[in-house]
Protein chains: 2
Amino acid sequence: MPTKCFIRGVIGSYTLFMVVRLKDIAAELGVSVVTVSRALRNRPDIAEETKAKILERVKRLNYRPNLTARSLVTGRSSLIGLVVPDLIHPFFGEIAKGLSNKLREKEYYLLVSSSESDPDLEQNEVEHMLAHHLDCFVVASCRKDTDSLRRISEAGVPLVLVDRSFPGFRSNFVGVDDVKVGELATEHLIAQGCKRIAHIRGPVTSIGDARVEGYRNALQRHRIKFAANYVVACGEASDSDGETRGRRAMEEILALKPRPDGLFCFNDTIALGAMERALEAGLRIPQNMAVVGCGNFHYSSKLRVPLSSVDQKSREIGERAAKMIMALLEKPPSARSRSVILEPELIVRESSKLK
Amino acid sequence: MPTKCFIRGVIGSYTLFMVVRLKDIAAELGVSVVTVSRALRNRPDIAEETKAKILERVKRLNYRPNLTARSLVTGRSSLIGLVVPDLIHPFFGEIAKGLSNKLREKEYYLLVSSSESDPDLEQNEVEHMLAHHLDCFVVASCRKDTDSLRRISEAGVPLVLVDRSFPGFRSNFVGVDDVKVGELATEHLIAQGCKRIAHIRGPVTSIGDARVEGYRNALQRHRIKFAANYVVACGEASDSDGETRGRRAMEEILALKPRPDGLFCFNDTIALGAMERALEAGLRIPQNMAVVGCGNFHYSSKLRVPLSSVDQKSREIGERAAKMIMALLEKPPSARSRSVILEPELIVRESSKLK
DNA sequence: CGGTTTTTCGTTATCGTTTACGAAAACCGC
DNA sequence: GCGGTTTTCGTAAACGATAACGAAAAACCG
């Protein structure tokens, strides 16, 4: 139990702690609370001499301002909310790390919520987090609609979308060009000599659709005819983990006649499951089927068959989002929203190396 | 910019938002602020009729209490601080997830800090987080000393250590029995017929030492003589990533005469690096060298050679820590500290399957 | 029906800080 | 020395909620 006093030490088995407030320092030095506050925030209207005196005492007493109280009056909490579908997921983990490292510079802290890919949970979490009066939200929404995003906007809290944007919903955004992602992967498979390229697509969202679009663009550019049954769906992240979804999708692909000789997967986890299933079925990768994933998760290079993957620049997404937040919070009334679209990068490994 | 008013709508390109306060609801219904507060917190001293009336209005206006203000007066912030060396690390990621999911039930939120395995940064982060007046800290410290932990205790904030405890520093703790971890891995290698078992040890901390102790215990139990040069160090997490550290350690191991036929690694990432290096050197795993890691990271089963690993129950650690926090915060003055020691579990895969 | 208890609700103070404003002190030029 | 700045500091009022206390209203009881 923190006690407000200047005694510090052990009495019996109880330890008394001091919780120093502005008031205490002011009283000790015989100045007013406001003067101490001014010294701490480096305000101009204070004499150098008194400032030095105060800062010395502040340091000696190990004073730390109560940010809760400050927040109440200034309306700034120095807290940023991060809402992602899954904290364990390497992609979002990297984003969190990029964010956190950059935000640290300005002493912002991250309040995280892992929505477990459950739309209702996400909405609920946003609702609760709003009560904490965060300075800004960073969201990779797992919802089909924009309900949770709108709640944030309605509350007047700045918002940065990462990874997924929502057509029709104006907002700041940081992510990669997903059409380019699809093109990069597919062009590569074509260049490797694949003739029949399948795609395990992601959910029906802006991202999933954009990747399919890129996939089609590349095929068209090389006059390969698009076959609808070569694009197989594998459900949502909320259905089951990516790996089993990848396995199931591979079942379908194995049944296709003629069998595809190239495969572009929505992400590395799905690719992993698909590859495992294909290997079990006796296929050799890449000889019988070249595979490219997406996300370049850090373990993708260590797999049974090291996986080619399109890097989504997750760390950079986090860092750029952090920069955007800082800009947003420094000069608040910038009505129009900004977008940062990063270029994806293909990393080639054994799973698609045919030449 | 949130405006305090009851107008809501679009004027030109500006949207006005309402920030509803207790005061507003009270004014609308002609009751006092305290009455509304009581209704919201389900206090007994309020008539059912007025309560219903208030709750209806609260719902209709979409009121959310300002937790910052509440926190200031109650001294409870509903925020839990999580300090880990690395957010991306699957082990800590799982802990974060376990914590977050459990804490959600009581509407606690997680403020995270990834210290990047930098002791100074950790200290700094703790210092700053203290200013936010969190209700409790969960820490996996990367420091050699207990300085950051002591700062938390001195501030009178409840503390739960996870993964690593510090002998001599009394505190709540949730983790696995690390001596058992070492025993489990080593006993298994012995049972598989390994005669010369090496160990890539972790940093010189309670954990690293305990695992070595378990390793020695198992050897002794089977009358295998302990050779000091079979225990190779690989530096600290802050030096470089586990994988390259594992590779470097394997260099040393490959130079040992006679060459070990079994290897127990401090964690899966190190094991991964070590295995990669061994494979490059032409060794076959497990035939020439059986390998067991620790942590059972979710990708360990998907590696080139699926890796046997001692599961550290990371998710459960998070959940148990969450439970402990709730207990701590409900009945505060429990002076003595509690420990939860979980049993590790060995998961056998190809990397060590000899029989 | 008076007195006591119980229920219900309002008043006031408080949490630790910042903002707005104004007063005193110091400085300045003439 | 006297008006007018400028510097330095203090007072008072927030911020949005809860805690402690007490008063009015209602209910109960003999």
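The values are calculated or read from the model by the stated rules, or taken from the named source; none is laboratory data. Note that the coordinates shown come from a computational prediction; the quantities given were computed from them, not determined experimentally. Neighbour counts are summed over all protein chains in view; Cβ atoms, including those assigned to glycine, are modelled from backbone coordinates with ideal geometry.
Numerical summary
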item	result
Filter result for the condition that a residue is within 16 Å of DNA strand D (Cβ to nearest atom) and either of a type outside the set (Lys, Arg) or assigned to a helix (DSSP H, G or I) (or both), over B:Asn124, B:Asn101, B:Asn62	B:Asn62
Total residues in the stretch B:72-121, condition acidic (Asp, Glu), at negative phi and out of contact with any Lys or Arg (no Cβ under 6 Å at 6 or more places or on another chain)	4
Pairs where the first residue, in the stretch B:31-59, is away from chain A (no Cβ under 14 Å) and the second is at pLDDT below 95 and near DNA strand C (Cβ under 6 Å from one of its atoms), C-beta under 6 Å, 6+ apart	B:Arg38/B:Ile46; B:Ala39/B:Ile46
Failed item, numbered, when A:Leu29 is tested on (1) more than 16 Å from DNA strand D (Cβ to nearest atom); (2) at negative phi	(1)
Selection within the stretch B:254-277 - more than 31 Å from the chain's Cα centre (by Cα) and not charged (D, E, K, R)	B:Leu254, B:Ala255, B:Leu256, B:Pro258, B:Pro260
Matching residues in the stretch B:150-172 - criterion: being surrounded by 21 or more Cβ atoms within 10 Å (Cβ to Cβ) and either under 27 Å from B:Leu263 (Cα atoms) or assigned by TED's automatic domain parsing to the domain that holds B:Asp261 (or both)	B:Val162, B:Asp163, B:Ser165
Number of the exception - B:Arg8 against (1) within 10 Å of DNA strand D (Cβ to nearest atom); (2) modelled with pLDDT under 95; (3) closer than 21 Å to A:Glu127 by Cβ	(1)
The stretch A:77-88, residues that are modelled with pLDDT under 95 and over 10 Å from the mean Cα position of the chain (by Cα)	A:Ile88
Residues of the stretch B:151-180 that turn out to be part of a helix (DSSP H, G or I), within 14 Å of another protein chain (Cβ to nearest Cβ) and not hydroxyl-bearing (Ser, Thr, Tyr), as a count	3
Residue in the stretch A:174-183 that is in contact with a Gly (Cβ under 7 Å, 6 or more places away or on another chain), under 23 Å from A:Arg320 (Cβ atoms) and small (Gly, Ala, Ser) present	yes
Residue that is among the small types (Gly, Ala, Ser), out of contact with any strand residue (DSSP E or B) (no Cβ under 9 Å at 6 or more places or on another chain) and surrounded by fewer than 22 Cβ atoms within 10 Å (Cβ to Cβ), where the choices are B:Ser301, B:Ser339, B:Ser238	B:Ser238
Cβ pairs under 8 Å, 6+ apart, first in the stretch A:122-142 and touching a residue at least 24 places away in the same chain (Cβ under 8 Å) and aromatic (Phe, Trp, Tyr), second assigned to a helix (DSSP H, G or I) and crowded, with 19+ Cβ neighbours inside 10 Å	A:Phe137/A:Val126; A:Phe137/A:Met129; A:Phe137/A:Ile152
Test: B:Ser113 is within 13 Å of another protein chain (Cβ to nearest Cβ) and not in a helix (DSSP H, G or I)	yes
Checklist (1) under 15 Å from the mean Cα position of the chain (by Cα); (2) surrounded by 21 or more Cβ atoms within 10 Å (Cβ to Cβ); (3) modelled with pLDDT of 95 or more applied to B:Lys102, failing item	(2)
Residues of the stretch B:211-232 satisfying the condition of being part of a helix (DSSP H, G or I), within 27 Å of B:Glu280 (Cβ to Cβ) and touching a Phe, Trp or Tyr at 6+ places or on another chain (Cβ under 8 Å)	B:Arg211, B:Tyr215
Residue ID - modelled with the lowest pLDDT, chosen from residues in the stretch A:142-158 that are within 18 Å of B:Asn62 (Cβ to Cβ) and of a type in the set (A, V, I, L, M, F, W, C)	A:Ala155
Scan of the stretch B:39-59 for residues that are buried (at least 16 other Cβ atoms within 10 Å of the Cβ) and near DNA strand D (Cβ under 8 Å from one of its atoms), ordered by number	B:Leu40
Cross-chain or 6+ apart pairs with Cβ under 6 Å, the stretch A:295-307 first and under 19 Å from A:Gly262 (Cβ atoms) and more than 9 Å from every other protein chain (Cβ to nearest Cβ), then assigned to a strand (DSSP E or B) and aliphatic (A, V, I, L, M)	A:Asn296/A:Ile347
Residue match in the stretch A:97-115 (condition: farther than 17 Å from A:Ile325 by Cβ and either more than 16 Å from DNA strand C (Cβ to nearest atom) or of a type outside the set (Lys, Arg) (or both))	yes
Pairs with Cβ under 6 Å, 6+ apart, first in the stretch B:217-236 and in the same structural domain as B:Thr205 (by TED's automatic domain parsing), second polar (S, T, N, Q)	B:Ala218/B:Thr186
Check on B:Ala281, away from every other protein chain (no Cβ under 12 Å) and either touching a Gly at 6+ places or on another chain (Cβ under 6 Å) or buried (at least 24 other Cβ atoms within 10 Å of the Cβ) (or both)	no
Residue count for the stretch B:65-79, restricted to those that are more than 10 Å from chain A (Cβ to nearest Cβ) and either part of a strand (DSSP E or B) or surrounded by 23 or more Cβ atoms within 10 Å (Cβ to Cβ) (or both)	0
All positions within the stretch B:16-30 that are within 8 Å of DNA strand C (Cβ to nearest atom) and either at pLDDT 95 or above or in a helix (DSSP H, G or I) (or both)	B:Ala26
Residue satisfying all of: in the stretch B:39-50; part of a helix (DSSP H, G or I) and within 22 Å of A:Glu127 (Cβ to Cβ); nearest to DNA strand C (Cβ to nearest atom) among these	B:Ala39
Subset of the stretch A:135-149 (residues that are part of a loop (DSSP other than H, G, I, E, B) and either surrounded by fewer than 18 Cβ atoms within 10 Å (Cβ to Cβ) or at the interface with another protein chain (Cβ under 10 Å from one of its Cβ atoms) (or both))	A:Lys144, A:Asp145, A:Thr146
